[in-house]
Amino acid sequence: MHYFEIDWLHFMETLPLWEKVDTEIRRIFIEKAEPVGLVDPSAFGLQLPPLLEVGLVAISPKKEWIKLYKKAAAFHRGLAAIGMVHIYDGRKDEKVLEIMGEYLRRHFSQSEVVAFSCGQERYIYFDYRRQAATLSSGNWLKQFLEAETPEEWERRYAWPANKLYLLPEHIFNTARIILRHLMSVPEPVSFRNLPSMFPDINLSLIAAAIGGGIRYAIFFPDLRARDLEPIIGIWPSISRYLHRSRPQFPKGIKPKETFESSILMEDMTTVMVACSQEPFRMRLQDETIYARDQRDIAKNMVKIPKWLEIPFRLDESLRIALAVNYLKSLKLVKTEHNESGMRMAPTDQGREWIKKTGKERLRFIIDTVKEHTEILTSYGYYGIDESACYFLPVVWNILIDENMKVNVAQNICDVFNALKSGDFFDLDDFLNYEKTETNPFLYEGGNSGAIEIRDGYSIMTASNEMLEKVWREMLSIFVIYRLILLGGASVGPLKKKFICFSVNDIGRYLTGKASDFEYGHKENGEVVVQPNFDVVFLSPSPLVETEIGRFAERKGSGIGVLFRITKKSIIQAASVGWNYKQVDGKLRQIAKKDIPKNVDREIRGWFQQCRRVAMRSSIIIQCPDKETASRVLSTGGRDVEMLTDTIVEFKDRAKGSAIVRKLHNAGIFIDKVE
């Protein structure tokens, strides 16, 4: 240790003198006194007489210098050491590793810190922050308390191995007695109170146990800022963890407004409709859609409320990127390279998917997700191409022992299946409750070391605090990317907090509690279709807007004239598989009044004008006369076809070189190949 190699017995014996001086005198003593050497009396100013009176310093006969008594010198070294890094100053838990790293750098050699991690971590390179994770965990204290053979425990973590602080065994046991007491109180205690806390233990034994506990980062001393009182306790984040109140299951909430839509599926549909009309050009650098095309897509996307968009950062560019990622993962689109660059186009499966109803499209996505319940980890998975298809679409930095029987997907389903239908819950309160009360990692693995966490280049055994964080993140990801984005939950805003949510039938279908679900607009009366082909919204309805946007041109948002049905929009709808029956059925489902006859007639006529034709590439051979054309036909056999008396078509371009050779061998030479 760099600064804690001090005589803790002398330190504690001097504490009664420290009690006799006020804070300002304490400050002058710490700042001006020197453990070794002489100091000019003027440096202490008016605070010198009290220091002389209590016996912390001595003055020369001629009053030329000041020096410290032997015990006072040890005391001063102790004060300076414990005041280097302030631990109990209220800094937040998210700074735990940084503060611990600073503490370790100041007080321990690198070899001593590495020894702490024996049996706890595997390192690719040394980093104090990673080492700090072991010592800031309650597991570290638990192992100390449960050690069967104290000497074996200390030798495992000592450096050098023959320099021991907690032996003989009665020192080790005293340290455990002190530790249990410090764990039982929420705040650190004053050094001066230790003798009265343990009246049956002599001071020298307490001092030896304190020194050993500090050496192995069991105890952490500090100098309280307000009065410079020496205090000691366990690591503050561990204490907060031990003394936190048990979370209560959140109460039901009745939000003033709600939103419910399969945002992701609708966004995927919007992107598919757009690229079915004309394949998108993609940026070669990152395979994203160009900004101009993104703006065109965004016009027809589901409009979501700001209270949902802002917290989850669901801006239009992110939603388009997610939609493209899922379309690729589900093999609904493909990227094609040609001389003009890279483009994204629908696959055959994608063309069939876009023709289905909204419910069928959504069911396809959910069923695929339910088939991929494995947890992707950074230990054996490095790609992201298909991660969107998984139950939890995130690559986790954890490793679960293969002997640990934890079905993460099923545990998540159990959590949400237990929720009462129709009840809304504060999302933040819900996650804080579930991270401890339903955490499968705490019950199945936890302290046994069955779960490891990868942090940068380090691999460490997960503490209970880490496992709570992992489980909370898993549930949060499921709520956002599965329930909310797939339409499996209704959500509502909260005034002073985050959002509230309620699992619906789609969510219960995803978690296996329901065998079916309904999706889409259920009641009419939202819109009026006018004879001039305008579609007027009487009230806001984002889902209906999305449905009409498949076959009408957008003119506005909110309420009023939002769409107009045109020949161009109907032709675009027909190009991606829509037909008259689907459009007519959708309009009749959502319209307040009957569809005007002229509108119905024109829509039917526009669809009837649409046809599908096949286009293929072929090789055309132009012959000078009919006789030559006949020779080409006989030479090519079944691969060629006579189009006119002098023009022959060769159907398979892939066999172009072969037909040229055949014609050459037959004495027919190709003058020009285009």
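For the reader, a short list of remarks on this structure follows.
- When only Cα pairs below 8 angstrom with a gap of at least 6 residues are kept, the chain shows a relative contact order of 10 percent.
- Total charge dipole magnitude, segment 387-510, about the Cα centre, Cβ charges on Lys, Arg, Asp, Glu only, Debye to nearest 20: 420
- For the residue pairs K32/K71; K359/K592; K254/K592, alpha carbon separations beyond 20 Å are given by K359/K592; K254/K592.
- In sequence order, segment 10-24 has phi-based couplings of 4, 4, 6, 5, 8, 4, x, 5, 5, 5, 7, 10, 7, 5, 5 Hz under the Karplus curve 6.51 cos²θ - 1.76 cosθ + 1.60, θ = phi - 60°, and Gly or Pro positions carry x.
- Here the extension length gained between V394 and A298 equals 32.0 nm, from 0.36 nm per residue of separation less the Cα-Cα distance.
- Computed extension length for I30-E641: 209.6 nm, one decimal, from 0.36 nm per residue of separation with the Cα-Cα distance subtracted.
- Under 24 Å from the Cα of K626 - lysines, other chains or at least 8 residues apart: K651, K655, K662, K672
- Label-to-label distance, nm, for residues given as A345 and K581 (7 Å Cα→Cβ offset): 2.9
- Beyond 32 Å in Cα-Cα separation lie the following of the pairs K567/K593; K251/K355; K142/K495; K328/K568: K251/K355; K142/K495.
- Only helices enter this figure: runs of n ≥ 4 DSSP H residues, each worth -39500 (n - 2.57), summed and divided by the residues of the chain, yield -13000 deg cm²/dmol at 222 nm to the nearest 500.
- Computed about its Cα centre, the charge dipole of the chain is approximately 2020 debye, with only Lys, Arg, Asp and Glu carrying charge at their Cβ.
- The mean sequence distance of close C-alpha pairs (under 8 Å, at least 6 residues apart), as a share of the length of segment 619-665, puts its relative contact order at 41 percent.
Every number here is computed from the coordinates shown, using simple stated rules; none is lab data. Because the structure is predicted, anything quoted here is derived from the model rather than measured. Glycine gets a Cβ as well: all are built from the backbone with ideal geometry, and neighbour counts include every protein chain shown.
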